[in-house]
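Each reported figure results from applying straightforward, stated rules to the coordinates on display, with no laboratory input. The structure presented is a predicted model; accordingly, all values stated were derived computationally and were not measured. Note that we place each Cβ from the backbone using ideal geometry, even for glycine, and neighbour counts take in every protein chain shown.
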């Protein structure tokens, strides 16, 4: 499998980096990004809709002093949104709702995708991103024009790689057949129903996966909790944090080269690196999968 340059095992999700009502100050957000890079967490995952563009603005402002080779930047597009500057950000949510009332939930036309990426690059203060993905694409939404847009984006040097962020295996198949998917972002957890199928598709085609929603779980029954604790004890993992085990589970899956986790605390972000020490717990992960079926 060809691993994209600079794709680190752990990535930073920025969905709440600058969102309205977030407790993260601009100073803390910058510190979070600096801490990530200083500890080898090179993958920064964002999208044009995150905080209505303010996530990308924060990244651009914070990382302007860092060498471009220090990080692997992913952004996504497809959702209608309004991305007014921070001073007008309270209007963004209202504008987005009005847009979505009059247009489809996602737009993967060539013109729209190119316009979104160009706007993202302005907010990011960068000439290119490392990966540009179709955001939450579902079967029937991408068209031949969509795949043409991704080819154009790579050809113009606006993104090194193109791909999809989806939980729909059919979208991955279509993108692979079109030759426009060189990286996939998808939910990877013991409760993600499509992750195994998408992982197998990517293994067969030599495509790296960035796992998201890796901490997603469902509430355990009392019996499941007892089983969970017993297998952790049996495998010598009673002291391991459930969060670390879920991150490690994602990284242990075929084709998964990075697990993206959101964080508002530099300390917690660095603490997540301990998950890498549990990647080899193959037997435990199989038992974990069975537990959540």
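Size of the range 232-279 along its principal axes in angstrom, Cα-based, largest extent first?
Reported extents, whole Å, longest axis first: 33, 26, 13.
Per residue, how much space in cubic angstrom lies within the convex hull of the C-alpha atoms of the range 197-293? Don't skip to the answer; put the middle values down first.
On the way: hull volume 10.6 nm³, N = 97.
That works out to 109 Å³ per residue.
Return the tail of the calculated pair distribution for the range 117-167, meaning the percent of Cα-Cα pairs more than 18 Å apart. Walk me through the intermediate numbers first.
Details: 390 of 1275 pairs.
Everything past 18 Å amounts to 31 percent.
Step by step: find N for the chain, compute 2.2 N^0.38 Å, then divide the Cα radius of gyration by it. What's the final number?
1.00
Among 162-170, 219-227, how do they line up from the highest to the lowest mean number of other beta-carbon atoms within 10 Å?
Working: 162-170: 22.9, 219-227: 10.7.
Answer by packing, highest mean first, reads 162-170, 219-227.
Compute the relative contact order of the chain as a whole-number percentage, counting only Cα pairs closer than 8 Å that sit 6 or more residues apart in sequence.
Numbers: 552 pairs, mean separation 56.0, N = 293.
Across the chain, relative contact order equals 19 percent.
With contacts defined as alpha carbon pairs under 8 Å and 6 or more residues apart, what's the relative contact order of the range 107-238 in percent?
Numbers: 182 pairs, mean separation 24.9, N = 132.
Rounded, it is 19 percent for the range 107-238.
What residues of the range 231-266 lie in the reach of a label at residue 289, counting those whose backbone N is under 13 Å from a point 7 Å from the Cα along Cα→Cβ?
249-256
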